[in-house]
Structure formats: C-alpha cells, structure tokens
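Step one of this worksheet: look at the structure below.
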Amino acid sequence: MKTWGTVAVSGLLIIAALVTGVDLLMIAAALVAGWRIAVSAWQALRIRLISIDLLVVVAAVGALFINNYWESAAVTFLFALGKALEKATLNRTRRALSDLVEAAPETATLLRDGEPVTVEIWELEPGDVVLVRNGEQVPVDGRVIAGHGGVDEATITGESVPAEKAAGSEVFAGTWLRSGVLRVEAVGIGADSTLAKIIHRVEDAQDDKARTQTFLERFSAWYTPGVMLGALLAGLLTRDIELALTLLVIGCPGALVISIPVSIVAGIGRSAKDGVLIKGGEYLETAAKVDTVVVDKTGTLTNGRPELTDVLAFDGWSQDEVLALAARAETASEHPLAEAIIRGAEDRGLEVPLIDAAEPVTGHGIRALIDGQDVTVGTAALLQVQPDPAPVLELNELGRTAMWVGVNGQAVGIVAVADTVRADAAAAIAALHRRGVRVVMATGDASRVAHNVAAQLGVDEVRAELMPEDKLDIVRELQDAGRVVAMVGDGVNDTPALARADIGVAMGAAGSPAAIETADIALMADRLPRLPYALGLARRTVRTMRINIAIALVTVAVLLAGVLAGGVTMSIGMLVHEASVLLVIAIAMLLLRPTLREDQPTLRVASREGVRV
C-alpha cells in the first residue's frame, strides 16, 4: 500500500502541476516518486553495486538542474509505477507457493480416550490418532487405521480425481476428505509432513538461479556502469546534457534483468500446482534440453507386481474351475506368484477358502489335497501324464510365467501371470516421442520379457539383464554420444544412474521426503505422463525466457535509434522501458495457465498394499 500511495500522490501532483502551471508542484511530484528510488540506489551503492535505480536518480536530478521539471517528474513517476506493477505481477507468479502455504492445516481433531478433542497441530505427536470427517482437511501425514472415503489430493499430487482410501492407505496433510470418515494414525506432523517438504522445495526452487540468469546478472553488473559512461561521453562530445540524461533512461536494463527470474518463478510455480517439483532454474534449463530418457521397467513402465493374465482350461473344465483350484492350492504357498493367482480369482468373484494341507515342491510348484483330489500347480514335472508343452511355450514367449494346473496327475488347465504394463505408459512414451525424445528401457529383467514390454509400448531401445552398474554405464555412454539424458527410476539400485544423469527423475514421490529432496524432478503422482508434461513445461519456460530477452534487447535498440534520430524524450523512453518490463512479465505469466491434459483414471482402489489404478 505504501508503494501505491507514493505513486498516487506523485500522480496527483503531476496533474495539479499541469493544470495550474506551478513548477514547484512538478518538483514535488519528482521528489515524492523519487525518494524511494534514491534510497534503493544508495543501498545498492553501499554494497558496491551500480543499480538501475541509480540511472533513474541521476537522470531525474539532472533534469531538475536543467529546469526540465516535467521530464524529471514523469521519469520518476513512471519508474515508481512500473515498480509497483512489477511487484504486483510477480506476486501473482508466486501464487502457487502461497496457495501451498495456505493449504497447511492448523488444527486437528485428536481422539483422546476415544473422545474427539480439537487441538493445534503442534500439540500432536507421532502415533496419535486423529479423526477426519467429510469435508475436513487431513491434518497430518499418516496411515488410515479405520474408515473409508475419497480424498482430494490435488495439493500434493495434482490429481483432480479423489483417491479412495481405506485401512492401510497413506494420507497426506493438506489434502481434503470429500466423502466418508477416516481415523488416521499420525506419522508426519507439521514440518515433517510431505506438504511442508513441498513448500520448502518450491521456495528454494523459485529462488534458484538459472545459468542464463546468472550470466545476465554478471552482464548487467558491467552493462549498467557502461551505460553511465556512454551517457557521460555522449554529453561531453555533444555538449547536450538532455541527450546524456535520455541515454541514461533508455539504457536501463530492467526488462533484461527481470525476464529470466519471472519466467522461472512462473514455470516452477505452475509445475508445482500440477504435482511436478523441479529443483530450480538450472535444472529447468537442463530439462528443456533432454533428448533421451532412460527408464527402468519394473514399477515404472509396469505395475511392479505380478497379475493374473491368462487362464486356459482343458477336457471339459471351465476357466473358473481351473482358476479356483489353482488359487486354493496357492493359499498354502509363500511364493510371490501365489498372491497374483489368488487376487485374480477374487477379482473374478470366486471363493478361495484356505486349505489345510499342502506340499511345496522346490523348483517345481505346489501339491495340495482339495476335496479329496490331488491338485498340483507348477511345472509339467508334477504331472503323471506329460502334456503338449506348446501352450506354455507360447505364453513364455509373450513374457508370461505359465504354470500347469493338474488334478490327479492330469493337466486340466494353465494359469499365467506377469508384471503387467501400466495403463498410462504407452501414452507417456507416445508423448515423449512427439517431443522428439528417444526412450531407452534399462532393466535387470530377462531379455524376452523386456522386449515383449518394449513392443507393447513402442520403446526405441531395450537393454536387458543388467546389473545396477550397467545402468550407470548406459547413461555415461549416451552422454558421451552427445545426448542430454534424463533417468527415471524408483529403486535404490537406480541411484548411481540417477546421480550420473543430466536430470534424475523420481516417480511417485508423494510420501517420500528423500525423493522430494534429492531428485532433480520429483513426480508426486505415480503417473508416467507427468514426465513428458514436465519436459514440455521446461521447454516452454526456456522459450519464454528467450522471447523476453529478445524483447528487452530490441526495446533498448529501438529506443537508442529513436534518440539518435530525434523525437524520443526522457519521459517517452521511461514509458517504453516500463512497458517492456510489464510485457515480459505478462508473457511469463502465460506459463501459469493450466496445460496439463491427462486421461484421468476412472477408479482408484485402496488396499492394504496401497493405491493401484
């Protein structure tokens, strides 16, 4: 308000001076608008910095000495007005951060001896149980221990569709319960919450400088004194003081200096609202150059856990009968594939009662007694009559693990499981290809399985059967070939490659403070299409930076030509200068427009293992 008050008073004094013709009012207008500029210039000089403000002060004072009161008042008024508008628009670009801060909860409903009590967030401790009702904000990071409901997680992941939560699900502070009632055991409170980590990350990122910005700041440190020296020489050579003062005004590099930081703040703020955290301006610039993405398969391109894919039935048996027998036998197994078969049967609505007796056969499968029949699930070695291996070989060629289901030594069917491809993976890779990005799959899985997944998704290159150090070698090899590489991974074994890559990307970082802090780009939602979105936003931001730099340089060149040709006065120069500053800010603010377009999942089912799409 103080800034706008100064501008308003100065403007009224100028109007009064124009109406009355009293020069003293014009001088007063220059002093009212210029004193803050003078203070800023003095503070910069104290740290040995010749600032833009100093150019304006020198020009305004010089105009007063040559009795050009209107030019002095106009220059200071327009500069003060530009500063006020610049501050207001920059605040808008930082809105994403203020929105996150405002999303932080302040109170919680604590269950104390079974009774709900409203307390301040700082009063909570890990292990406390809080009650969250429909329409209330989740106050802590925690685990749901009872209840069911839909939670709007847009502040954390950028997802517009509420996530269904049930016992065992994770919830995050700052999200909103849109339906149901939940009891949540507190894990992360206040500064330890995911929301707090995001706020800290965005705050640091918006203040981080891009390489281009650092260069321009070094350039302006020499450029501004150069403008003053050039104006002095011009005045001495031409003996035209007004020309020298006009050159001071038009030489202000304001638009040039502001063009980069405002673009970075806007780009990082927009990405944060969409659930993509970019570490800072330097990483934003690097992400814009990425032309190759190395991506892990398991848990990134695929769902990361086996799912039932095929059920074949022989000799009058139905698929449901074969699957029910296999699932019941697997209830006695601890093999990782057993859960996939049981889950597949339950998804089909089949009953899977536990069995009492079973015999694991090492390396071959399991044998169980079910309703008086000897049921086997595994290799053909468990069967008395050896079947035609062709169906199993065909499934194996597709990258699936196939198991015979036998009853009393006879094969009655086949069940097959595989780590299935993520529903959004093909769209994400297609989006990367549209941006000219090459996709390389790097996995420790078998070559047959990897090539099958790659064929489904359109991956450009496959590197399979790798050790963790091999992924590092691939990244290094691509970089040596001149590629700018982004590495996407979700496991500890990917850490060396993530560190070596030009950009390390962590997927599904919500709830993982380490990933939020260390990744160059953290995708809060476990959604692969956010990667091409992040790279696209980075490119738009860098393109905006370049456009703004061009506008700033062209403005100075045009004004200089206008001064030399005659007709551009100090006040006109300052008006055009401030207009150019506001123009580059307005162009940068276009980055704040929502551009994320994804096919949203129609259902997100909560389970004890987490949320799966």
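Quick notes on this one:
- Set Lys279/Lys471; Lys165/Lys273; Lys165/Lys197; Lys83/Lys289; Lys165/Lys279; Lys197/Lys273 screened for pairs whose C-alpha atoms are more than 25 Å apart: Lys83/Lys289; Lys165/Lys279
- Here the mean projected area of the convex hull built on the C-alpha positions of the chain is 36.2 nm².
- Using only side-chain charges placed at the Cβ, +1 for Lys and Arg and -1 for Asp and Glu, the dipole size of the chain relative to its Cα centre rounds to 3280 debye.
- Within the stretch 258-302: backbone nitrogen closer than 19 Å to the Ala88 label point (7 Å, Cα to C-beta): 262
- Based on Cα contacts under 8 Å between residues 6+ apart, the stretch 305-419 shows a relative contact order of 33 percent.
- 11 Å reach of a label modelled at Leu18, 7 Å along Cα-to-Cβ, counting backbone N of the stretch 45-63: none
- Overall form of the stretch 305-419 per C-alpha gyration tensor (a/c, 1.5; a/b vs b/c): rounded
- Two-site label geometry, Arg305 and Ala481: point separation in nm, points 7 Å out along Cα→Cβ: 3.6 nm
- Taking 0.36 nm per residue of separation and subtracting the Cα-Cα distance, full extension of the segment from Asp388 to Leu232 would add 46.6 nm.
- In the context of the full set of protein chains, the chain has a per residue accessible area of 45 Å² (1.4 Å probe).
- Were the residues from Arg133 through Arg448 laid out at 0.36 nm apart, the gain over their Cα-Cα distance would be 108.4 nm.
- Available extension along the chain between Ala191 and Leu582 is 137.1 nm, counting 0.36 nm per residue and deducting the alpha carbon span.
- In Å, descending, principal axis extents of the Cα set of the stretch 107-195: 34, 26, 21
- Counting every pair of alpha carbons in the stretch 410-472, the share spaced more than 16 Å apart comes to 54 percent.
- Ranked by the mean number of other Cβ atoms within 10 Å of their residues, highest first, the peptides 451-464, 399-412, 38-51 come out as 399-412, 451-464, 38-51.
- Spacing of the two label points (7 Å from each Cα toward its C-beta) at Val119 and Ala167, in nm: 2.4 nm
- Relative contact order (percent, whole number), the chain, Cα cutoff 8 Å, 6+ residue spacing: 16 percent
- Among 427-435, 376-384, 560-568, 242-250, sorting by the average number of other beta carbon atoms lying within 10 angstrom of each residue, highest first, gives 242-250, 376-384, 427-435, 560-568.
- Surface composition of the stretch 229-268: carbon plus sulfur atoms hold 73% of the accessible area, using a 1.4 angstrom probe and ignoring ligands, DNA and RNA.
- Per-residue ellipticity at 222 nm, computed for the chain from helices alone with -39500 (n - 2.57) per DSSP H run of at least four residues, works out to -16500 deg cm²/dmol.
- The stretch 255-311-the stretch 390-415 distance, computed between alpha-carbon centres (Å): 41 Å
- Between Gln43 and Asp374, the simple label model (points 7 Å from Cα in the Cβ direction) yields a spacing of 8.9 nm.
- Divided by 2.2 N^0.38 Å, where N counts the residues, the Cα radius of gyration of the stretch 367-464 comes to 1.47.
The values are calculated or read from the model by the stated rules, or taken from the named source; none is laboratory data. All of these numbers come straight from a predicted model, not from anything done at the bench. With ideal geometry, Cβ positions are generated from the backbone for all residues, glycine too; neighbour counts draw on all protein chains shown. With ligands, DNA and RNA removed, areas are computed over all heavy atoms of the protein, side chains included. Shrake-Rupley method; radii C 1.70, N 1.55, O 1.52, S 1.80 Å.
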